[in-house]
Amino acid sequence: MREIYLTTAVNMSGKDQDKVAMSELFEVFVRSSNGLEHRHVGSLHAYDAEMALHHARDVYVRRSEGVSIWVVPSRCITASDPDRASSLFEPMSDKDFRYPTYYHLPERVKNL
Amino acid sequence: MSPTDSDSDHNKELLCFVLRLGDSTLIASQRLAEWAGIAPTLEEDIAFANVALDLLGQARHLLSYASQLEGKGQSEDDLAFLRDVNQFYNYTIVEIPNGDFAQTCAKMYLFTTFLMLLWDHIARGADQELKAIAQKSINETKYHIEHFGGWLIRLGNGTTYSADRLKEAFEYTWPYVSEFFSPDPCISRLAPTIEIDLAVVQNLWLEEISPTFLAAKLPTIEISRFISNGKIGLHSEHLGHILAEMQFLQRAYPGGRW
């Protein structure tokens, strides 16, 4: 098989080489049953979204793990920078007024 | 002719058909499994293996029904592992070499689209056992068609190089489809239990594949006059090699279990 892929590059014109699709990374989300949210289960490579769905079905829901699949190109996800974690997340830890700590429950409320 | 004679005759015709389907799915599965570990991507590797396992599941149901119809105490495993080349009745197209990726997709597309039409007819037929197998298999086969058909469209619209390779793949595999529709006593004698008119099936099949052919920029070709004969046990030189590999363990260690 290996020769096939090597000869591919040799036999292609310049115009064609531009057209060679590169596989893309997709993130896969699976809803395990109706009413629940889609959860991230992993990622995979595919050449287009349709193929990503097929692969997701083959790789991640082989044992009926889900009823719905989303695939999202990984490049569409903007992620927080781990190096900025201290400025993004730490300031929350000492602001106890953001928690219901000082909220007194009225006595009449019995079922909260 | 006494009723029992006609019963056993009917069983014989049905057995011939069930073996045909069982052998075709079994050999298709074995061939496809050859891609395990060497498919172009890890994801495709898993996809092919999944399809191969689906086909193997279908083959197991069919061969165990065949062993029941035959009534000679041969199990599904005996049928799979202890018969020789001329006792296999699969369509030749499933035994031809995988070739490159395009060729595998091409032959699997041609075979699974035809298989789908057989399932459809069986599901409308009166044989309950076979009907249940067909109903279970329809969803699997639908997915296989989508998967291989999708690749034909991608390859046909990729580069001129991939489109050329796809055309070559079709030139190689196409002659084997005429066997699907060639005169077939085994199928014609199934009526009235299962009614399959191969002339009708041929038209339905051409209708089914034509949108994919169009989208994959493949020319429509006439059904070839060359007719392969795997379905009556006259095989290409390739089946012996498949069986040698598939049957080796059971032949070398009869009855071995693990």
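The numbers here are math on the coordinates, done by the rules we state, and not lab data. Predicted, not measured: the structure shown is a model, and the values here were computed from it. FYI the Cβ positions are ideal-geometry reconstructions off the backbone, even for glycines, and counts take in every protein chain you see.
Details
- Whole-Hz couplings from phi, Karplus 6.51/-1.76/1.60, listed for the range B:153-170; x for Gly and Pro: 5, 5, 5, x, 10, x, 10, 4, 5, 5, 5, 5, 4, 5, 4, 4, 4, 6
- Acute angle (nearest 10 degrees) that the helix B:198-215 long axis makes with the longest principal axis of chain B, alpha-carbon atoms: 20
- The magnitude of the dipole of chain B, with charges of +1 and -1 set on the Cβ of Lys/Arg and Asp/Glu and taken from the Cα centre, is near 160 debye.
- Using alpha-carbon coordinates, inclination of helix B:101-123 to the longest axis of chain B, degrees: 40
- Remark: mean inter-chain Cβ contacts per residue of B:161-173 equal 2, using a 10 Å Cβ-Cβ cutoff to other protein chain atoms.
- Ranked by the mean number of other Cβ atoms within 10 Å of their residues, highest first, the peptides A:50-62, A:73-85, B:31-43 come out as A:50-62, B:31-43, A:73-85.
- Counting Cβ atoms of other protein chains within 10 Å of each Cβ in B:221-227 and taking the mean gives 0.
- Cα gyration tensor, the range A:21-79 - rounded (a/c under 1.5), prolate or oblate: oblate
- Ordering B:P40, B:G256, B:L115 by the projection of their Cα atoms onto the charge dipole of the protein assembly as shown, which places +1 on the Cβ of Lys and Arg and -1 on the Cβ of Asp and Glu, puts B:P40 at the extreme positive end.
- Entries in B:K72/B:K142; B:K142/B:K217; B:K72/B:K107; B:K131/B:K167; B:K12/B:K167; B:K136/B:K167 that, when Cα-Cα distance is taken, lie over 29 Å: B:K72/B:K142; B:K72/B:K107; B:K131/B:K167; B:K12/B:K167; B:K136/B:K167
- Neighbouring Cβ atoms from other chains, within 10 Å of the Cβ of residues in B:147-158, number 2 on average.
- Multiplying the residue separation of B:D164 and B:H241 by 0.36 nm and removing their Cα-Cα distance gives an extension gain of 24.8 nm.
- Paramagnetic label zone (point 7 Å from Cα along Cα-to-C-beta, A:R31; backbone N under 15 Å) in the range A:57-71: A:65-71
- Cysteines having no other Cys beta carbon under 4.7 Å from their own, within chain B: B:C105
- Chain B: angle of helix B:238-252 to the longest principal axis, Cα-based, in degrees nearest 10: 50
- Only one residue of B:L166, B:L56, B:F17 has its Cα farthest out toward the positive end of the dipole of chain B, where Lys and Arg carry +1 and Asp and Glu -1 on Cβ, and that residue is B:L166.
- Whether the range B:52-158 is rounded, prolate or oblate, judged on the alpha carbon gyration tensor where a/c under 1.5 counts as rounded: oblate
- Test item: Cα-centred dipole of the protein assembly as shown, Lys/Arg +1 and Asp/Glu -1 on Cβ, debye: 660
- Phi angles across the range B:183-190 convert, under the Karplus curve 6.51 cos²θ - 1.76 cosθ + 1.60 with θ = phi - 60°, into 3J(HN,Hα) values of x, 9, x, 4, 7, 5, 7, 6 Hz, Gly and Pro given as x.
- Cα shape, chain B, gyration tensor, a/c 1.5 rule: oblate
- Amide H within-cut-off set for A:S43, under 5 Å, with H built and near neighbours excluded: A:V28
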